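To start, the structure under review is shown below, and the notes come after it.
The values are calculated or read from the model by the stated rules, or taken from the named source; none is laboratory data. What you see is a predicted model; the values in this text were computed from it and never measured. Here the Cβ is made from the backbone with ideal geometry for all residues, glycine too, and neighbour counts use every protein chain on show. Note: areas computed on protein heavy atoms with side chains; ligands, DNA, RNA excluded. Shrake-Rupley method; radii C 1.70, N 1.55, O 1.52, S 1.80 Å.
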Amino acid sequence: MKNILITGGAGFIGSHVVRRMLKTHRDYTIYNLDALTYAGNLKNLTDVEGMPNYTFLKGDIVDESFITELFRKYRFDGVIHLAAESHVDRSISNPTAFIHTNIVGTVNLLNAFRHIWDGNYEGKRFYHISTDEVFGSLGDTGFFTEDTPYDPRSPYSASKASSDHLVRAYHHTFKMPVVLSNCSNNYGSYQFPEKLIPLVINNIKNKKPLPVYGKGENVRDWLWVEDHARAIDMVFHGGREGETYNIGGNNEWKNIDLVKLLCDLTDQLLNRKAGSSRELITFVKDRAGHDMRYAIDCSKIETELNWKPSVNFEEGLKKTVQWYLDNQEWLDEVTSGRYQSYYKDQYHNR
Ligand code: NAD
Ligand code: DAU
């Protein structure tokens, strides 16, 4: 048996990672540590929460003494660290929360892991999940490789870049057995509808304006979230110590083209007149400091670990639209904030 801690497991990607690890590694005990911020939702895990090898722990990674105690109690053999403030627009309106969770929270986990194992790292691993945004913004050509110099340009990406540097510094200075990955934009079920794809689907459904920042020319490289969870499993088990792996979908889309495709897919699935939802597209003020293009070269993980994206984008997007249409109750709850007051009652706002 191994005790594995997954942080941020009630969020979008984290919930897919928890599900995958529970189902594919039944000899592990999986501990999901999550503060249940606005982005964390235990309803993302109802299908697996009864599994005997699963434990949910509510807590904040910024709380140093709580984290120290938790590691003393459970002596985690492995950590897969996803907990973060993750939305760029929120980092522009409130950068401080990003510094606390993404930087201080990561250091608290590194310190706690280091102190319980005290140099005896045989069979142990600390895996830090990061983003392609740390590399900055590309022009029309080129790709981010693992060697691209860091150039973060939003408070979110600067906080993630800091945490990446700290993880590497702990490897170099304290010989901690770390591994990292930097991934492109994920899409799929259980994503909080502040992010482009679920926000647009929800607004199309409710016939509300579809806000496209600037001219909609910015490009993102989209990856099916379950392909990311599979890559995380492979890097956790097969990635070389101290190394970083870039993960991406080889799937670049201009925002405006993606929004149009979402309109057409949703119209089809709702039996609406073809083209009708496109009329909802509204160009709005651009995001401050908006990065133009992200694109990942994922040849290292393909070559070393034999991973590659498995889902065709249009199929994955259609399934995603269908999932949000079928899960109206989930969408209503996360947009109404009802689930937040439930957590307050349930956990006494610990
Ligand atoms: P998310 O916002 O959906 O989930 C984050 C989770 O972390 C939530 O469950 C939240 O409650 C929890 N959390 C936040 N602050 C916490 C704290 N102080 N203590 C404990 N838990 C806390 O994020 P996501 O999109 O699932 O991203 C997960 C990770 O993957 C992040 O580290 C993010 O930087 C990275 N990432 C995301 C993407 C993407 O496209 N979404 C791409 C690449 C990398
Ligand atoms: O690249 C990986 C990153 O992808 C992750 O590290 C982040 O956690 C994740 O949020 C995501 O960041 P983005 O800023 O790219 O994602 P978002 O969904 O917020 O926006 C995608 C693009 O769509 C971006 O160019 C901004 C634009 N956009 C977004 C929203 C919410 C709009 O045009 N309108 C919108 O309403």
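Data overview
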read-out	value
Relative contact order of segment 1-43, pairs being alpha-carbon contacts under 8 Å that are 6 or more residues apart, as %	50 percent
Relative intensity, log₁₀ I(q)/I(0), of the chain from a Debye sum that treats every alpha carbon as a point, q = 0.09, 0.10, 0.14, 0.15 Å⁻¹	-0.47, -0.59, -1.21, -1.39
Taking the convex hull of Cα positions in segment 30-75, its mean projected area over all directions (nm²)	3.6 nm²
Backbone N within segment 186-208 under 18 Å of label point (7 Å from residue 329 Cα along the Cβ vector)	190-191
Relative counts (whole %) of C-alpha pair distances in segment 19-139, using bins that are 10 Å wide	11, 39, 35, 13, 1
In nm, spacing of pseudo-spin labels at residue 94 and residue 122 (7 Å Cα→C-beta vector)	4.7 nm
Exposure ranking of 81, 237 by accessible area [1.4 Å probe, largest first]	237, 81
Gyration tensor (Cα) of segment 211-350, equivalent ellipsoid semi-axes in angstrom	30, 25, 17
Computed lengthening from residue 111 to residue 172, 0.36 nm per intervening residue step minus Cα-Cα distance	20.5 nm
Sequence-separation-based contact order of segment 169-270, relative, with Cα cut under 8 Å and 6+ spacing, percent	41 percent
Virtual paramagnetic centre 7 Å along Cα→Cβ of residue 292, amide N under 18 Å, in segment 140-180	140-145, 149, 151-154
Segment 1-72: proportion of alpha-carbon pairs further apart than 15 angstrom, %	49 percent
Size of charge dipole - segment 195-244 - debye, nearest 20, with Cβ of Lys, Arg +1 and Asp, Glu -1, no other charges	560 debye
q = 0.17, 0.19, 0.24, 0.27 Å⁻¹, segment 146-228: log10 I(q)/I(0) [Debye, one scatterer per Cα]	-0.93, -1.06, -1.28, -1.34
Hits among lysines - C-alpha to C-alpha of residue 208 under 29 Å, sequence gap 8 or more where chains match	43, 195, 254, 260, 273, 285, 318, 319
Candidate lysines - alpha carbon under 27 Å from residue 175, same-chain residues fewer than 8 apart omitted	2, 73, 124, 160, 300
Tilt relative to the chain, helix 106-117 - C-alpha long axis, 0 to 90 degrees, to 10	30 degrees
Three principal axis lengths of segment 152-298 [C-alpha, angstrom, descending]	60, 31, 24
Range of Cα positions in segment 98-168 per principal axis (Å), largest first	47, 26, 14
Value of relative contact order over the chain, rounded to a whole percent, pairs C-alpha under 8 Å and six or more apart	18 percent
For the chain, calculated [θ]222 nm from helices alone, where every DSSP H run of n ≥ 4 adds -39500 (n - 2.57)	-12500 deg cm²/dmol
